[in-house]
1. Looking only at region 199-211, how many residues end up being open to solvent by 20 Å² or more (accessible area, probe 1.4 Å), farther than 17 Å from Y187 by Cβ and in contact (Cβ under 8 Å) with a residue 12 or more places away in the chain?
2. Select from region 232-250 the residues that are surrounded by fewer than 17 Cβ atoms within 10 Å (Cβ to Cβ) and in contact with a Lys or Arg (Cβ under 7 Å, 6 or more places away or on another chain) and list them in ascending order.
3. Any residue in region 21-40 that is at positive phi sitting within a Cβ distance under 9 Å of a residue that is in a loop (DSSP other than H, G, I, E, B) and open to solvent by 50 Å² or more (accessible area, probe 1.4 Å)? List the pairs, counting only those 6 or more apart or interchain.
4. Hey, can you tell me all the residues within region 183-207 that are assigned to a loop (DSSP other than H, G, I, E, B) and either touching a Leu at 6+ places or on another chain (Cβ under 6 Å) or modelled with pLDDT of 80 or more (or both)?
5. Restricting attention to region 41-58, which residues are at positive phi and in a helix (DSSP H, G or I)?
6. Which of the residues that make up region 182-205 are within 19 Å of the chain's Cα centre (by Cα) and either β-branched (V, I, T) or more than 20 Å from F145 (Cβ to Cβ) (or both)?
7. Those residues that are modelled with pLDDT of 95 or more and under 23 Å from M259 (Cα atoms), I need them from region 113-128; list them, please.
Amino acid sequence: VAAHKKLATLFYEPSTRTNFSFQTAMMRLGGSVFGFADPSSSSVSKGESIKDTVKMVSNYADVVVMRTPWEGSAKAASLYSNVPVVNAGDGGHMHPTQTMADRTTITRLRGGVDGLCVGLCGDLKNGRTVHSLIKALAKFNDIKFFLISPRELAVPDYMRVFMREHQMWFTEVTGLESVIPQLDVLYMTRIQRERFASEEEYLRLKDSYILTPEKLENAKADLSILHPLPRVNEITVAVDKDPRAAYWRQVKNGKYIRMALILKLLGIQV
């Protein structure tokens with residue numbers, strides 16, 4: 001359905017799932033893909049700006065997918081592009097297409113989103129998937145957020161302001177075990193090493209939360225365990241056998257929602 005259409009992937013930061021799922025989505029639709037997963041292999045290494053790169057690439061592509069370490073970069077790039085630009089992650093800010101996969105997974109598992117108790121656990125300061133998910137769930141009713149993190153990695157102030165402005169119920173805690181019995185959804189995230197200025201600080205916080213089968217003994221029988229991946233050690237592999245583990249379903253759903261997104265951006269109806 002998308003024969004002869006081109007998708008450009010501009011990944012200034014490492015990616016596995018997002019990059020592969022966009023490539024797979026476009027190829028399954030009959031289109032083709034070009035781009036870079038390492039900016040050092042492009043003219044970026046010569047000092048070319050994002051503005052010039054996007055202006056150039058948008059002459060070759062029908063859709064541009066971009067990931068960078070700079071907050072707001074995808075939105076800025078869209079101002080100079082002749083074609084739609086998709087934000088595949090901009091620093092510690094947002095990751096909207098991951099949120100599409102998250103929300104699809106939650107809806108399929110729970111039958112809906114209204115009235116859920118959602119635990120967001122880990123690096124909530126730098127976790128762009130967390131920020132995106134909070135904003136997306138603001139559209140639903142009676143969501144309760146348990147924000148579980150070390151104090152140093154709590155959600156940024158602008159997210160607190162957003163939640164208060166939208167009258168969203170939330171509480172911030174440092175312990176997972178005390179709140180896990182109340183949760184319908186547990187969204188685990190890794191401590192993001194690449195966002196730390198100090199290796200010492202990362203090492204001090206990296207093992208703050210490790211989900212094990214023992215910690216799930218007091219959780220609801222129908223708890224949904226999500227993780228945007230990659231994981232480091234915050235979910236032990238033993239949890240993979242638990243029927244409540246849903247993170248691999250997120251991966252598959254990510255492919256399908258990105259196929260749907262590409263079709264929408266290309267104006268193709270099926």
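The values are calculated or read from the model by the stated rules, or taken from the named source; none is laboratory data. Keep in mind the model is a prediction, meaning the values are calculated, not measured. Virtual Cβ from ideal backbone geometry, glycine too; neighbours counted across all protein chains shown. Ligands, DNA and RNA are stripped out before the accessible areas are found, and what is left, the full protein with its side chains, is counted by its heavy atoms. Shrake-Rupley method; radii C 1.70, N 1.55, O 1.52, S 1.80 Å.
1. 3
2. V232
3. Hits for this filter: G30/V1; G30/A3; G30/H4; G30/K5.
4. L183, D184, T189, R190, I191
5. Scanning region 41-58 gives no hits.
6. Answer for region 182-205, where residues must be within 19 Å of the chain's Cα centre (by Cα) and either β-branched (V, I, T) or more than 20 Å from F145 (Cβ to Cβ) (or both): V185, T189, I191, R193, E194, R195, F196.
7. Residue satisfying the conditions is V113 alone.
Here is a yes/no grid of residues against (1) touching a Pro at 6+ places or on another chain (Cβ under 9 Å); (2) of a type in the set (D, E):
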| residue | (1), (2) |
| --- | --- |
| I210 | no, no |
| L216 | no, no |
| H227 | no, no |
| R231 | no, no |
| T236 | yes, no |
| D240 | no, yes |
| R244 | no, no |
| R249 | no, no |
